[in-house]
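Reading through the structure tokens given below for one structure.
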Amino acid sequence: MRRHISLYGLTFSLPLLIWQLLFFVFPLVFLVALSFWTVRNFRMEPGFDTVNWVTMYGRPVFWQAYGTTLALAAAAAALTSALAFPCAYAIAFKLSPAARRWAIFLMVIPFFTSYLVRVYSWQVFLSDAGIINVMLGWLGLGPFRLLNTVGATMVGYLTLSFPLVVLLQLFSLVFIDRTLIEAAHNMRCGRLRTVFAVVIPSARVGLVIAALFSFILCFGDFVSPIYLGGGDPTTLSILITDTTKSGQQWPRAAVIALTMIATLLVVAFLSVRFAYKGRAQ
């Protein structure tokens, strides 16, 4: 059928189109072009040369950072989703509507403060002379090395994505048809079996999208790996910074950034396809 594009609809869609062109499409095109430029005598020269792609993809450190970033982001997404689900489930099914609104408000509060400030506060807790080691010292334990570890990086990732994942899971759980749960109970399904057989499949889209957002946030995060993880192991975000500091190699940094964007697009496509699998009817 022939579609009719009205002036009214086009007018109200223009701001979104302009926004996407200015802040996504044009910067992405420039980033692609920049990856083919060359640096001579610490100055970038426009051109078309694949030396940056060949150099970066030929370095083992790049693939080590890529694997580390992918593994940490996937682990953070899985851990955040697993920890957030009981919280979201309790808010959706155990609290009254008034208490649920307060819980949502409390989940929004962390976004009122800077993520960097929250990470700095974790340094106070995780340092060798920090609050956690002092408390463990009262029990005759420690001190333990908590800061500048992979575990500390994961704590930062949880700080970044946990409230958002809870909210996304919650918005999916509250719209589940309660009659399906009642039917499962009538058929003598236990609570745990009902969760895995009814609740999780019914909320699959929201749960997958929540995990996807967590993965995206953690995959590109720079703050937690550098300030809580101490920069070891190296992630792609840290590698971008190191590359730009090394001889002003912005074109090579563009290669890393484009690789990250491509990875996120593939992961997002596969996640959304899995989330809506069997529903497109």
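Pull up the stretch 80-91, narrow it to residues that are surrounded by 16 or more Cβ atoms within 10 Å (Cβ to Cβ) and out of contact with any Lys or Arg (no Cβ under 9 Å at 6 or more places or on another chain), then point me to the one that is nearest to Leu228 (Cα to Cα).
Restricting attention to the stretch 80-91, the residues satisfying the condition of being surrounded by 16 or more Cβ atoms within 10 Å (Cβ to Cβ) are 80-81, 84-85, 87-89, 91.
With out of contact with any Lys or Arg (no Cβ under 9 Å at 6 or more places or on another chain) added as a condition, the list becomes 80-81, 84-85, 87-89.
Values: Thr80: 18, Ser81: 21, Ala84: 22, Phe85: 25, Cys87: 25, Ala88: 27, Tyr89: 30 Å.
Ranking the candidates gives Thr80 first.
Residue-by-condition table, conditions (1) at pLDDT 95 or above; (2) β-branched (Val, Ile, Thr); (3) more than 30 Å from Phe36 (Cα to Cα):
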site	(1), (2), (3)
Leu180	no, no, yes
Arg188	no, no, yes
Val199	no, yes, yes
Arg204	no, no, yes
Leu212	yes, no, yes
Thr234	no, yes, no
Thr244	no, yes, no
Ile256	yes, yes, no
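Looking at the stretch 42-60, I want the residues that are under 19 Å from Ile256 (Cβ atoms) and touching a residue at least 12 places away in the same chain (Cβ under 8 Å) and have a partner that is of a type in the set (Ser, Thr, Tyr) and not in a strand (DSSP E or B) with Cβ atoms under 7 Å, at least 6 apart or on another chain. Which pairs are those?
Matching pairs, first to second residue: Asn52/Ser35; Trp53/Ser35.
Could you pull out the residue among Ala99, Ala77, Ala65, Ala33 that is surrounded by 12 or more Cβ atoms within 10 Å (Cβ to Cβ), within 30 Å of Val174 (Cβ to Cβ) and modelled with pLDDT of 90 or more? Let's see the steps before the verdict.
Numbers: Ala99 fails: surrounded by 12 or more Cβ atoms within 10 Å (Cβ to Cβ); Ala65 fails: within 30 Å of Val174 (Cβ to Cβ); Ala33 fails: within 30 Å of Val174 (Cβ to Cβ).
Ala77 is the lone residue from the list that is surrounded by 12 or more Cβ atoms within 10 Å (Cβ to Cβ), within 30 Å of Val174 (Cβ to Cβ) and modelled with pLDDT of 90 or more.
What's the number of the only condition in (1) within 26 Å of Ile209 (Cβ to Cβ); (2) surrounded by 12 or more Cβ atoms within 10 Å (Cβ to Cβ); (3) not hydroxyl-bearing (Ser, Thr, Tyr) that Asp128 fails to meet?
Unmet for Asp128, out of (1) within 26 Å of Ile209 (Cβ to Cβ); (2) surrounded by 12 or more Cβ atoms within 10 Å (Cβ to Cβ); (3) not hydroxyl-bearing (Ser, Thr, Tyr): (1).
Pull up the stretch 119-137, narrow it to residues that are in a loop (DSSP other than H, G, I, E, B) and under 28 Å from the mean Cα position of the chain (by Cα), then point me to the one that is nearest to Gly231 (Cα to Cα).
In the first step, residues of the stretch 119-137 are kept if they are in a loop (DSSP other than H, G, I, E, B); the result is 127-130.
The next check asks that each one be under 28 Å from the mean Cα position of the chain (by Cα); those that pass are 127, 130.
Details: Ser127: 15, Gly130: 20 Å.
This residue is Ser127.
Kindly indicate the residue of the stretch 138-185 that is part of a helix (DSSP H, G or I) and among the hydroxyl-bearing types (Ser, Thr, Tyr) and also surrounded by the fewest Cβ atoms within 10 Å (Cβ to Cβ) among those meeting that condition. Don't jump to the end; show me each part of the working.
Our first condition is that a residue be part of a helix (DSSP H, G or I); within the stretch 138-185, this holds for 138, 150-173, 178-185.
Now drop any that are not among the hydroxyl-bearing types (Ser, Thr, Tyr), which leaves 153, 157, 159, 161, 172, 179.
Working: Thr153: 26, Tyr157: 28, Thr159: 18, Ser161: 27, Ser172: 21, Thr179: 9.
Applying the filter and picking the extreme gives Thr179.
Could you list, in sequence order, the residues of the stretch 28-55 that are under 17 Å from Thr243 (Cβ atoms) and part of a strand (DSSP E or B)?
Once the filter is applied, which keeps residues that are under 17 Å from Thr243 (Cβ atoms) and part of a strand (DSSP E or B), the stretch 28-55 yields Thr38, Val39, Arg40, Arg43, Met44.
Is the stretch 143-161 home to any residue that is of a type in the set (S, T, N, Q) and in contact with a Gly (Cβ under 6 Å, 6 or more places away or on another chain)?
Going residue by residue through the stretch 143-161, those that are of a type in the set (S, T, N, Q) are 148-149, 153, 159, 161.
Checking the rest, the ones that are also in contact with a Gly (Cβ under 6 Å, 6 or more places away or on another chain) come to 148, 153.
Scanning the stretch 143-161 turns up at least one residue that is of a type in the set (S, T, N, Q) and in contact with a Gly (Cβ under 6 Å, 6 or more places away or on another chain).
Per-residue answers, yes or no, for (1) aliphatic (A, V, I, L, M); (2) buried (at least 20 other Cβ atoms within 10 Å of the Cβ); (3) within 29 Å of Leu265 (Cα to Cα); (4) touching a Phe, Trp or Tyr at 6+ places or on another chain (Cβ under 7 Å):
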| residue | (1), (2), (3), (4) |
| --- | --- |
| Pro201 | no, no, yes, no |
| Gly206 | no, yes, yes, yes |
| Pro225 | no, yes, yes, no |
| Leu228 | yes, yes, yes, yes |
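Among the residues of the stretch 141-194, write down those that are more than 25 Å from Arg100 (Cβ to Cβ), of a type in the set (A, V, I, L, M) and under 29 Å from the mean Cα position of the chain (by Cα).
Leu146, Leu147, Val150, Ala152, Met154, Val155
Can you tell me which of Ile209, Ile256, Ile261, Ile240 is in a helix (DSSP H, G or I), in contact (Cβ under 8 Å) with a residue 12 or more places away in the chain and closer than 30 Å to Val124 by Cβ? Please lay out each step first, then the result.
On the way: Ile209 fails: closer than 30 Å to Val124 by Cβ; Ile256 fails: closer than 30 Å to Val124 by Cβ; Ile261 fails: closer than 30 Å to Val124 by Cβ.
Of the residues listed, the single one that is in a helix (DSSP H, G or I), in contact (Cβ under 8 Å) with a residue 12 or more places away in the chain and closer than 30 Å to Val124 by Cβ is Ile240.
The values are calculated or read from the model by the stated rules, or taken from the named source; none is laboratory data. The structure displayed is predicted, hence computed values, not measured ones. Glycine also receives a Cβ, built like all others from the backbone with ideal geometry; neighbour counts cover every protein chain displayed.
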